[in-house]
Amino acid sequence: MAGSFVTVACPDCENEQTLFEKAASEVDCAVCGHTLARPTGGKADIEGEVTAVAEAR
């Protein structure tokens, strides 16, 4: 399974959360509940600023 993990800063509360870039379900911010990623069948539609990427090996 090819893909990377990304760290995303929440646009509402600035909390940083790590998630899989091909998320199969909605990912909400653990602090405020804002939706950070929505599944699209491929790479997820990510809301917020991607601050770091951990490349797959």
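The values are calculated or read from the model by the stated rules, or taken from the named source; none is laboratory data. Computed from a predicted structure; not experimentally measured. Counting neighbours? That spans all protein chains shown, and the Cβs are built from the backbone with ideal geometry, glycine included. We work out accessible area using only protein heavy atoms, side chains counted, and drop any ligands, DNA or RNA first. Shrake-Rupley method; radii C 1.70, N 1.55, O 1.52, S 1.80 Å.
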Q. Which ones in the range 27-48 are among the aliphatic types (A, V, I, L, M) and open to solvent by 40 Å² or more (accessible area, probe 1.4 Å)?
A. A30, V31, I46
Q. Does G3 satisfy the condition of being out of contact with any His (no Cβ under 9 Å at 6 or more places or on another chain) and modelled with pLDDT under 95?
A. yes
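Just name the residue that is least open to solvent (accessible area, probe 1.4 Å) out of those in the range 1-19 that are acidic (D, E) and not in a strand (DSSP E or B).
That would be D12.
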(Q) Show the residue pairs meeting these rules: Cβ distance below 8 Å; 6+ apart or different chains; first residue within the range 20-40 and polar (S, T, N, Q) and modelled with pLDDT of 95 or more; second residue part of a loop (DSSP other than H, G, I, E, B) and open to solvent by 30 Å² or more (accessible area, probe 1.4 Å). (A) S25/P39; T35/E26; T35/E47
(Q) I need a count of the residues in the range 17-38 that are closer than 15 Å to S4 by Cβ, in contact with a strand residue (DSSP E or B) (Cβ under 9 Å, 6 or more places away or on another chain) and among the charged types (D, E, K, R). (A) 1
(Q) Could you check the range 25-57 and list, in sequence order, the residues that are within 21 Å of E14 (Cα to Cα) and of a type in the set (V, I, T)? (A) V27, V31, T35, I46, V50, T51, V53
Q. Can you name every residue in the range 25-57 that is part of a loop (DSSP other than H, G, I, E, B) and more than 11 Å from the chain's Cα centre (by Cα)?
A. A30, V31, C32, G33, H34, T40, G41, G42, E55, A56, R57
